[in-house]
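Some notes on the structure that comes next.
Derivation of every value follows stated rules applied to the coordinates shown; laboratory data play no part. Small disclaimer: the values here were computed from a predicted structure and weren't measured. Because the Cβ atoms are built from the backbone with ideal geometry, glycine has one as well, and the counts that use them run over all protein chains shown.
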Amino acid sequence: MATMTPTKRIWADVHIRGGEAVWVLLAHAYALLVPLAIVAAVSWNWAYLQDVTYNPFLFFAAACLLSAGGAFEAAQNTMDNWYLTEESASTNGYGFADFLFYWLITAGQACIALAIGGDQLWVVLVSVAAVVALPIFYLRQGPYFVPLSVVNLAAIVLAFNSFGDPVIFLQLLLTGATMYFFAALLRTRAQVLHGFTTLSASSGLWFLVWAISNGAAGSSVPLVVLAVIVVAAVTIGVLLWRRLLTLRPSRRAVTLAA
C-alpha cells in the first residue's frame, strides 16, 4: 500500500483547493501577524505612551495573546478541514481550540484595556470579569461573545480618551463587517467568505495603531471623514448582500488516505 507523502498528509486536512484555499490560508496568516503592528507602534511611540497610558508593556502581552488566539483559531479550522458550515466547531462554539481562541483574544483585549487604564478600578474589574466569565459562558453555551464585546468596547473608549482620535471607533465597523461576512458564509457555504470574515475580524488592531500614531503626532481623523467611511461601508454592504447570497457552496475537495 502506497504511503502518503508529508505534503499530501498536510493537504488532506484542507477540504478547499486552488485560489480559495490560498486566500483563506493567507487571511489566517495575516491574522497571526497583525498583532506585530502593535509591537511596532508601541516601540516607536514608547515615550508618548508612558505619558498617556498606565503600562505600555502590557501592549506586548496583548500582542502575544492575540497571536496565540489566532493560532488556536487556525488549529480549530484545521480540525474542521477548513470547510466551515453551521455544524463546524469553528462556528457553533463546541470546540476546545475554538474555546482557547476566544479566551485568548478576550485576555488580549483585557491587556489592551489594562495597558491604557489599569490604574482605574473599573477597568481592572471589567478586564478580570471578562477573562473569568468567558470560559463560564462558553462551557455553558451561553452568549460567550459578550465578555469579549464588553472588554473590547472598554478598550475602545479608553483608547479614545487617551489618544483623542475617534478613528478607534472604526473597530466597531469591522466588528459589524465580521458578522456580515460570517452570516453570508453560513448561509451560502461559499468558503471564500471565510477569508473575508477572518480579514475583518483581525484588522481592527490597525485602528489602535492608527490612533496611537495620531495621538503621538497630535493629530486626529476628522469626524466628517469617519462619517463618510461608515456611510460608504454600510451602503456597499447593503448593495452587495443579495449578490453575496447568490454565491454557490464551495466544492468540497476531500483527499482520502491511500
Can you check how the C-alpha radius of gyration of the chain compares to 2.2 N^0.38 Å, as a plain ratio? 1.08
Based on DSSP H runs of at least 4 residues, each adding -39500 (n - 2.57), what is the mean residue ellipticity at 222 nm of the chain after dividing by all its residues, to the nearest 500 deg cm²/dmol? -24000 deg cm²/dmol
Choice from Ala232, Ala71, Ala31 showing the highest fluctuation, given a GNM over the chain with Cα pairs closer than 10 Å: Ala232
At what distance in angstrom do the alpha carbon centres of the stretch 1-52 and the stretch 138-211 lie from each other? 18 Å
Helix 18-33 versus the longest principal axis of the chain: what angle, 0 to 90°, nearest 10, using Cα atoms? 30 degrees
Inter-label distance for Ala227 and Val132, nm, one decimal - labels placed 7 Å from Cα along Cα-to-Cβ: 4.3 nm
Highest first, please rank the peptides 85-93, 7-15, 162-170, 35-43 by the mean number of other Cβ atoms sitting within 10 Å of their residues. 162-170, 35-43, 85-93, 7-15
The helix 205-217 Cα axis meets the longest alpha-carbon principal axis of the chain at an angle in degrees, between 0 and 90 and rounded to 10, of 20 degrees
Rounded to the nearest 0.05, what FRET efficiency do Arg243 and Ala183 give with R0 = 22 Å and r taken as the Cβ-Cβ distance? Could you check? 0.95
Have a look at Phe160, Phe145, Phe196 and tell me which one the Gaussian network model of the chain (Cα, springs below 10 Å) gives the largest fluctuation. Phe145
Starting from the Cα of Asp13, step 7 Å along the direction of its Cβ; do the same at Ala37; then give the gap between the two resulting points in nm. 2.7 nm
Nearest 10 degrees, 0 to 90: what angle lies between the long axis of helix 121-139 and the longest principal axis of the chain (Cα atoms)? 10 degrees
